[in-house]
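Have a look at the structure below before the remarks.
The values are calculated or read from the model by the stated rules, or taken from the named source; none is laboratory data. All values derive from a computational prediction rather than experimental measurement. Here Cβ is always computed from backbone atoms with ideal geometry, including for glycine, and neighbour counts include all displayed protein chains. Quick note on the areas: whole protein, heavy atoms, side chains included, nothing else; ligands and nucleic acids left out. Shrake-Rupley method; radii C 1.70, N 1.55, O 1.52, S 1.80 Å.
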Amino acid sequence: MIQLLLVLHVLVGAALLGAITHQAFSVARRPTAPGRSFVERFRGVNSPTFTNVIVLLFFVNVVLGSLLYPQYRVEVRPTLEDLQLRAANGIFETKEHFAAVALGLLPAYWLAWRPPLLPVRAETRKYLTWMLAFVAWWSFVVGELLNNIKGLFP
Amino acid sequence: MMPSARMNVFSIVFGVAYMGLFFWSERYHTALFRYYPVLKSFSRDDLALEEAGPAILWYSWLFGATVISSVAAFVVPRSLAERIGQVWVWGVPAALLIVILVYERRWFY
């Protein structure tokens, strides 16, 4: 069951990264003409359409993470402590706090992307999207790092 | 009132409440409740590690922050909620992310 949840956690995280990264690039600068390069096309997506999916994926992934947390606390963290990998413990601590703060951001984020896209909310849209993207990437990288830590630090 | 202002209040207060509860736990070694994964049960008491295994406090911070921010979003007057500047909506959580990074650097020395 735990393995299934872990795989699901990773898959949902990967889907979230795809959606939030598209949106994070798109708010950086609006293209004035249809893009030709990969980056321009990547950035030129219709950002508002991603919003509901991002909220759902983020929420689901925090729930999945919270279901996996007891296993981490009982089996993984003591191993990290035995190996004296304080930094590994530390990056997980930051992950759990970042995820919590980002979870609370979802209502404001959803509102900022709610049509019509009011110019007064443009900065809010941009910065909240970047913060969610940062947290999603941080959480994914930290999760993968800890999942493979025995191979990385034999 | 449109749901808009309430949502912004919720988001601003949630992060502050979460970090407030976290620092309260850090300072006074207490929490609203703890989850003991070895026992598979919740408790308000700080049980001995040898008997109960490690405790998880994260759920209590999330729960507390959800309750506090929901109440705040409900009771903050409409006029006040709608006057909250947009900079607060992203500025407060951005500041919290920095606070987290600064506080948690203790693990890296």
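Return a yes/no flag: does segment A:24-36 have any residue that is at pLDDT 80 or above, over 14 Å from the mean Cα position of the chain (by Cα) and open to solvent by 60 Å² or more (accessible area, probe 1.4 Å).
First pass over segment A:24-36, keeping only residues at pLDDT 80 or above: A:24-28.
If we keep only those that are over 14 Å from the mean Cα position of the chain (by Cα) too, we end up with A:25-28.
Cutting the leftovers down to open to solvent by 60 Å² or more (accessible area, probe 1.4 Å) gives us A:25.
The answer is yes; a qualifying residue exists.
Quick check: anything in segment A:109-123 under 16 Å from the mean Cα position of the chain (by Cα) and open to solvent by less than 40 Å² (accessible area, probe 1.4 Å)? So that I can check it myself, show each step before the final result.
Just the residues of segment A:109-123 that are under 16 Å from the mean Cα position of the chain (by Cα), to begin with: A:109-110.
This time we only want the ones that are open to solvent by less than 40 Å² (accessible area, probe 1.4 Å), so: A:109.
The answer is yes; a qualifying residue exists.
Where in segment B:49-109 are there helices (runs of 4 or more DSSP H), lying wholly inside it, with at least 3 residues that are surrounded by 19 or more Cβ atoms within 10 Å (Cβ to Cβ) and at negative phi? Lay out the reasoning, then the answer.
Numbers: elements: B:49-52, B:58-75, B:78-83, B:86-103.
Output list reads B:58-75, B:86-103.
Give segment B:25-48 a look and list any residue that's hydrophobic (A, V, I, L, M, F, W, C) and surrounded by 11 or more Cβ atoms within 10 Å (Cβ to Cβ), or say none. Steps first, please.
Step one: of segment B:25-48, the residues hydrophobic (A, V, I, L, M, F, W, C) are B:31-33, B:38-39, B:42, B:47-48.
Of everything in segment B:25-48, those that are hydrophobic (A, V, I, L, M, F, W, C) and surrounded by 11 or more Cβ atoms within 10 Å (Cβ to Cβ) turn out to be B:31, B:32, B:33, B:38, B:39, B:42, B:47.
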